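Quick notes on the structure that follows.
Computed from the coordinates by the stated procedures, all read-outs in this text should not be read as laboratory data. None of the values given here were measured: they were computed from a predicted structure. Positions of Cβ are backbone-derived with ideal geometry, glycine not excepted, and every protein chain shown enters the neighbour counts.
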Amino acid sequence: MEEPGPKGTENCGVLGEKRTRVALTGTFRLLLPFPEGGKEERRIYQVRRGAQLKKQRRNEESFVRMTRHGKNCTAGAVYTYHEKKKDTAASGYGTQNIRLSRDAVKDFDCCCLSLQPCHDPVVTPDGYLYEREAILEYILHQKKEIARQMKAYEKQRGARREEQKELQRAAAQDQVRGFLEKEAAIVSRPLNPFTPKAASGNSPDDARPGSSAGPTSKDKDKDKALPSFWIPSLTPEAKATKLEKPSRIVTCPMSGKPLRMSDLTPVRFTPLDSSVDRVGLITRSERYVCAVTRDSLSNATPCAVLRPSGAVVTLECVEKLIRKDMVDPVNGEKLTDRDIIVLQRGGTGFAGSGVKLQAEKSRPVMQA
């Protein structure tokens, strides 16, 4: 039972009741008078008084602690897994993983380069679908890039050959120069052992053998001195990186295997409704059907391309119908195992589709 009152005042006893002021809250609390009855009345009084004192203590502590709405995630004593993940993503360090959803997975009839529905699709022997224009442009770009890298490699190789020749020529000149210096140091007439060294050294014809050979102490100190790197003529230069010989083979952008233009097989999808144009098909979720069974095709349906006709059929149709006779049901030509190309699908967003749906980005790691 609370009764508001101004701070700094007290209400004194009325009818034997004692009132006291709570300094922190600025309100007056009515404390029950001590009963004069038996044990039961005293027990009830102690229980009610204890509850009242506990509530008062809780109100006093609330001014010291933060309120519930003012707490932050960092107020806890435990560094949770969620906080660690959040801080790692915001710091820019450590490997970051993310689970790809259905929106991040391409459809089975989309190009692996442009990620758009194919207008003129072709398939590689490994089952990767491309737009003809996109894959041909990629092959031409790769050939130009290989030619550019080969030209740079040959240029560097020629420069290294010239450098080796210059080094060999300089070494040969040093050998000739050393030989001539040794020849010039040879004495032309025999020395007189009875002539003092000082007297013999004054004559121009007397030359000490080996006087020009061997560097002096000044030359050694000069060699040990560091160059003045701030002078443009003495600034050290980094050598060009040695280029490796590039491969002349054009590879598939998805599988990394060698790819030629003759390896591309045209693909002919059977539309669900032949009366709908291509723009209308793009807006639909189910666009194509199997050429034999007329089952709808999607990322959840394993498909295969028959090389002779380019028709797209389901793998169930291949296993139950086509593999018995190994004949193309569209044009009647004989089939081999290489003529049945399993089409690579984009996945369904579920882990059971067999497609890797976990994207990983490696970044620098801060270690203690």
**Q.** FRET efficiency for Lys151 and Ser233, using Cβ-Cβ distance with R0 set to 22 Å, rounded to 0.05
**A.** 0.10
Q) Which FRET efficiency, nearest 0.05, do His141 and Asp103 yield, Cβ-Cβ r, R0 25 Å? A) 0.30
Q: Step through the table entries Lys54/Lys84; Lys165/Lys245; Lys144/Lys245; Lys143/Lys361, compare each Cα-Cα distance with 27 Å, and write down the pairs that go over it.
A: Lys54/Lys84; Lys143/Lys361
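Give me the compactness ratio for the stretch 103-193, meaning the Cα radius of gyration over 2.2 N^0.38 Å. Walk me through the numbers before you get to the answer.
Values: Rg = 32.8 Å, N = 91, 2.2 N^0.38 = 12.2 Å.
For the stretch 103-193, the normalised Cα radius of gyration is 2.69.
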Q) What ranking, highest mean first, results for peptides 40-49, 321-330 when packing means the other Cβ atoms within 10 Å averaged over each residue? A) 321-330, 40-49
Q.
Quick check: net charge around Gln46, other residues with Cβ under 12 Å of its Cβ, Lys/Arg +1 and Asp/Glu -1?
A. +3
Q. How many nm is it between the label spots at Thr80 and Lys257, if each spot is 7 Å from the Cα in line with the beta carbon?
A. 4.9 nm
Q: Quote the FRET efficiency, to the nearest 0.05, computed for Lys324 versus Leu115 with a Förster distance R0 of 45 Å and r equal to the Cβ-Cβ distance.
A: 0.75
